[in-house]
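Step one of this worksheet: look at the structure below.
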Amino acid sequence: MNGTEKLQAALAECRLHAEVLTEALDELGQPHFTAESATHLTSAQRRLLDQLAYRFAKLQDSMGEKVLNQAIELAEEPIAEDVTFAQKLQRLERLGAIESAAEWRELRELRNQIAHEYADQPGLRAAAINRFVIGVGRLIALWKQAEAFVSRHATP
Amino acid sequence: MRLTSRQVQTIKSAVLRRFGAGAHVWLFGSRVDDKRRGGDFDLYLETELTEPDDIIDRKIGLLADLHATPEFEDEKIDLVIRPPLPDVELPIYRIARTEGVAL
């Protein structure tokens, strides 16, 4: 598989994750959870939140590892081999491949917060779920921007 | 305590920026033990803030700030936050305060 084929495969993978995220978000209906409702999630809500958490992590990982690195190369930006991912994010923001490096990092933290149990802190648990649901929409928006950037630069 | 002075300063300034001067932070867990190696960074933070949405927003911002620094990039940080709720006294709060080190 050459570079172009690898990129196309990565884009297809990300599209699938984004599609499943969108469907699950629609099905969840974007409710605002309270301390009470977050403590008594329905089995359908729990299943959808699990699905969102799984696809969210997959989309962000695949974007980070397979698409965003390529985006810098496609923009023909010279980049040192020892550059950190944080530096790459700044570059991607400047290029317009992602809207905000800071937001990317915050979305990364959201993934861990959804797994955090917040035992005996139902108010914080509800807030973490609500923030995560908002974050899903933001990750999809970041993905669409990156996808458009790559498509624009990959087209001869 | 296995934190460099630069790591301590990074944590304190990030906590101040995100949670304000009313917040206090402790290091606890394996990083307090000088004889051990590696391990996660367990932090315990007490805040005067009460609004859950606000606390979660600031918590995420704080963790993102720390992971954006060379001191904590790729490091696992567990941050326990205690809002001022008098009727909630979790065992981890007591452990963090009695066995931890105030930063």
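Some points to look at:
- Scanning segment A:109-124 for residues that are within 13 Å of the chain's Cα centre (by Cα) and surrounded by fewer than 20 Cβ atoms within 10 Å (Cβ to Cβ) returns A:111, A:112.
- With respect to the conditions (1) in contact (Cβ under 8 Å) with a residue 40 or more places away in the chain; (2) more than 29 Å from residue A:84 (Cα to Cα); (3) of a type in the set (Val, Ile, Thr); (4) within 14 Å of chain A (Cβ to nearest Cβ), residue B:69 lacks only one, and its number is (2).
- Hey, residue A:83 at pLDDT below 95 and crowded, with 17+ Cβ neighbours inside 10 Å or not: no
- Residue match in segment A:31-47 (condition: over 26 Å from residue A:95 (Cβ atoms), β-branched (Val, Ile, Thr), part of a helix (DSSP H, G or I) and at pLDDT below 95): yes
Listed here are the residues, each with its yes/no results for (1) at pLDDT 95 or above; (2) touching a strand residue (DSSP E or B) at 6+ places or on another chain (Cβ under 6 Å).
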{"position": "B:1", "(1), (2)": "no, yes"}
{"position": "B:12", "(1), (2)": "yes, no"}
{"position": "B:16", "(1), (2)": "yes, no"}
{"position": "B:26", "(1), (2)": "yes, yes"}
{"position": "B:45", "(1), (2)": "yes, yes"}
{"position": "B:60", "(1), (2)": "yes, no"}
{"position": "B:69", "(1), (2)": "no, no"}
{"position": "B:82", "(1), (2)": "no, yes"}
{"position": "B:85", "(1), (2)": "no, no"}
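- Taking segment A:79-156 as the region of interest, the helices (runs of 4 or more DSSP H) fully inside it that hold 2 or more residues being within 11 Å of another protein chain (Cβ to nearest Cβ) and touching a Leu at 6+ places or on another chain (Cβ under 6 Å) are A:101-115, A:122-154.
- Residues of segment B:1-60 satisfying the condition of being closer than 23 Å to residue B:83 by Cα, in contact (Cβ under 8 Å) with a residue 24 or more places away in the chain and aliphatic (A, V, I, L, M): B:8, B:11, B:14, B:15, B:23, B:25, B:27, B:43, B:45, B:49, B:55
- Those residues of segment B:41-63 which are among the charged types (D, E, K, R) and either surrounded by 21 or more Cβ atoms within 10 Å (Cβ to Cβ) or touching a helix residue (DSSP H, G or I) at 6+ places or on another chain (Cβ under 7 Å) (or both), in sequence order: B:42, B:53, B:57, B:58, B:59
- The sole residue among A:90, A:70, A:121, A:60 that is under 28 Å from residue A:24 (Cα atoms) and at pLDDT below 95 is A:121.
The values are calculated or read from the model by the stated rules, or taken from the named source; none is laboratory data. Computed from a predicted model, the values in this text were never measured in an experiment. Every residue, glycine as well, gets a Cβ built from its backbone with ideal geometry; the counts of neighbours run over all protein chains shown.
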